[in-house]
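Visitor: What follows is a structure written as structure tokens; I'll ask about it next.
The values are calculated or read from the model by the stated rules, or taken from the named source; none is laboratory data. The model shown is predicted, which means the values in this text are computed figures rather than measured ones. Here Cβ is always computed from backbone atoms with ideal geometry, including for glycine, and neighbour counts include all displayed protein chains. Only protein heavy atoms, including side chains, enter the accessible area calculation; ligands, DNA and RNA are left aside. Shrake-Rupley method; radii C 1.70, N 1.55, O 1.52, S 1.80 Å.
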Amino acid sequence: MKATGGSPRVRFAPSPTGYFHVGGARTALYNWLFARRLGGTFVLRIEDTDRERSDDAWISGILSALEWLGISWDEGPYRQSERLPLYEKAAAELFAAGRLYACDCSRADVEARNPGRTTPGYDGYCRDRALTPGPGRALRFRTPDEGVTLVHDVVRGDVEFPNSTIEDFVVVKSSGDPLFVLAVVVDDISMGITHVIRAEEHLPTTPKAVMLWEALGAGPVPVFAHLPVLVNEKRQKLSKRRDRVSVEDYRAMGILPEAMRNYLALLGWSPADGREVLDLEELVSEFRLEDVNNSPAFFDERRLLHFNGLYIRALDEEEFLRRALPFLEPPSGPWAPGRFDRAQFERLAPLVKERVATLGEVAGMVDFLFADPFVVDDHDRATSIGRDPGARALLEQVAEGFRSCGWDAGSIRAVVTAAAEASGRKLAKAQAPVRVATMGRAVGLPLFESLEVLGRERALGRVLSALGAGAGTPAGTGPGGAAQPAGGAG
Ligand code: GLU
């Protein structure tokens, strides 16, 4: 499986120990974009040797998030837990060649021998004790005392690690389990990986990987590219305890995969001309590993939302419906079964599409049609109706007009316009009490089109019910309160 004919082989190697992180998704995407343009191979490898922390549920989460993002793999998923014999074999070879030695020191032993020592790491005590491998004995790599190990990194340039700073590191634990650093190298060799594109946090272990790679006589080491860390607005490394980092959460919020992909691509890279909105083909043809920069990338959720809004608005009507419906229909929609009416939603969908940043916001925009009971926001009621002394007269006139006007947006508008004129206010100002009474909130979709879909009976019922609830009486003296009667059934 070695690379042939110059086409690159890359791997994405997640550890399934938690929700799939946006940083992992960015790593996967960069590997994928790099491989796609060059006709390379993208290998998916699940690094599940940490048995306590790995879980199959996390693996399914990773696979489904990759599929959602449109990141397809050409080989795998391989699982390291199924490849243990390969790591054992490599360790045996390295031991036989004198590159590893057995060690039975505990951490306490090392500390007891070196009280007050400031250099961290192993002191080399077992190097020349010629212990045979066995239970309770770890295997350590004999690192050179002198010289430097050079890591050539596409993003960072040449990084030199003095060998004196690299301890004789463990490659097989005293339990017999291979360590990550060994498994990764053995796999990268056997899978013919030519480019290792991964998170910056792995840079410090890279000289160890280079030493192992060379000790295993595996030919030239791969090209390394360590991607810049993702930080929050306080320039702190993104953390699952502090920040929203799981791809699944963004998916559940109604971020579109194409917006996520576009946004992730820009976390550490941008095209030469600074364009920001790039579709998949453009990303594939323009992405260059050499152009990835090495400064921390700010994961700005607001910017992601902005991108998402752009992508939502660019969807055609039919596609918007297809994407939005799972956020509306049972079982995932917010309303009781039977309340959601697709035909009503479709009439307003074009207006909704222009006004949301996520698919998750769609339900809130049309909640006034489907919620049962219909609820008026207390704060908006107090501001737009309760404390507005002219609201009562205006709503009374609107109710009067609603009884007999034609029921289309134009006629509804005419009724509200007439009521506005009669009360000496601008149309925009006159809309506020009507909107709060009928749609429950001071902001939302255009009023007249919304009321047309809501229907005369419900619109009128809600205006009357607002009047009944003390419209126009000073705040605090009206009955006010939480949910109003539904204002007409349906
Ligand atoms: N399994 C590692 C991780 O999830 C990646 C190791 C690598 O890419 O070499 O962070």
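Visitor: Residue 285 fails exactly one of the following numbered conditions: (1) in contact with a helix residue (DSSP H, G or I) (Cβ under 9 Å, 6 or more places away or on another chain); (2) free of Cβ contacts under 8 Å to residues at least 12 places away in the same chain; (3) open to solvent by less than 70 Å² (accessible area, probe 1.4 Å). What is the number of that condition?
Guide: (2)
Visitor: So for the stretch 80-97 (the condition being in contact with a helix residue (DSSP H, G or I) (Cβ under 9 Å, 6 or more places away or on another chain), open to solvent by less than 70 Å² (accessible area, probe 1.4 Å) and within 12 Å of the ligand (Cβ to nearest atom)), does at least one residue qualify?
Guide: yes
Visitor: Among all residue pairs at least 6 apart or on different chains, which show Cβ distances below 6 Å where the first residue, located in the stretch 196-219, is basic (Lys, Arg) and the second is away from the ligand (no atom under 12 Å from the Cβ) and open to solvent by 40 Å² or more (accessible area, probe 1.4 Å)?
Guide: none
Visitor: Anything in the stretch 102-143 that is closer than 18 Å to residue 163 by Cα and either surrounded by fewer than 15 Cβ atoms within 10 Å (Cβ to Cβ) or without any contact (Cβ under 8 Å) to a residue 60 or more places away in the chain (or both)? List them, or say none.
Guide: If the condition is that a residue be closer than 18 Å to residue 163 by Cα and either surrounded by fewer than 15 Cβ atoms within 10 Å (Cβ to Cβ) or without any contact (Cβ under 8 Å) to a residue 60 or more places away in the chain (or both), then 118, 119, 120, 121, 122, 123, 124, 125, 127, 140, 142 are the ones that fit.
Visitor: Which one of these is in a loop (DSSP other than H, G, I, E, B), hydrophobic (A, V, I, L, M, F, W, C) and at pLDDT 95 or above: 283, 278?
Guide: After ruling out the rest, the residue left standing is 278.
Visitor: Considering only the stretch 290-299, I want to know if a residue exists there that is in a helix (DSSP H, G or I) and crowded, with 20+ Cβ neighbours inside 10 Å.
Guide: Within the stretch 290-299, not a single residue is in a helix (DSSP H, G or I) and crowded, with 20+ Cβ neighbours inside 10 Å.
Visitor: While we're on this one: List, please: which pairs have Cβ atoms under 6 Å, are six or more places apart or on different chains, and start with a residue in the stretch 326-346 that is at negative phi and end with one that is buried (at least 16 other Cβ atoms within 10 Å of the Cβ) and at pLDDT below 95?
Guide: Final answer for the pair search is 340/333.
Visitor: Which fully enclosed helices (runs of 4 or more DSSP H) of the stretch 179-267 have 3 or more residues being within 16 Å of the ligand (Cβ to nearest atom) and in contact with a helix residue (DSSP H, G or I) (Cβ under 7 Å, 6 or more places away or on another chain)?
Guide: In the stretch 179-267, 180-190, 206-215 are the helices (runs of 4 or more DSSP H) which contain 3 or more residues that are within 16 Å of the ligand (Cβ to nearest atom) and in contact with a helix residue (DSSP H, G or I) (Cβ under 7 Å, 6 or more places away or on another chain).
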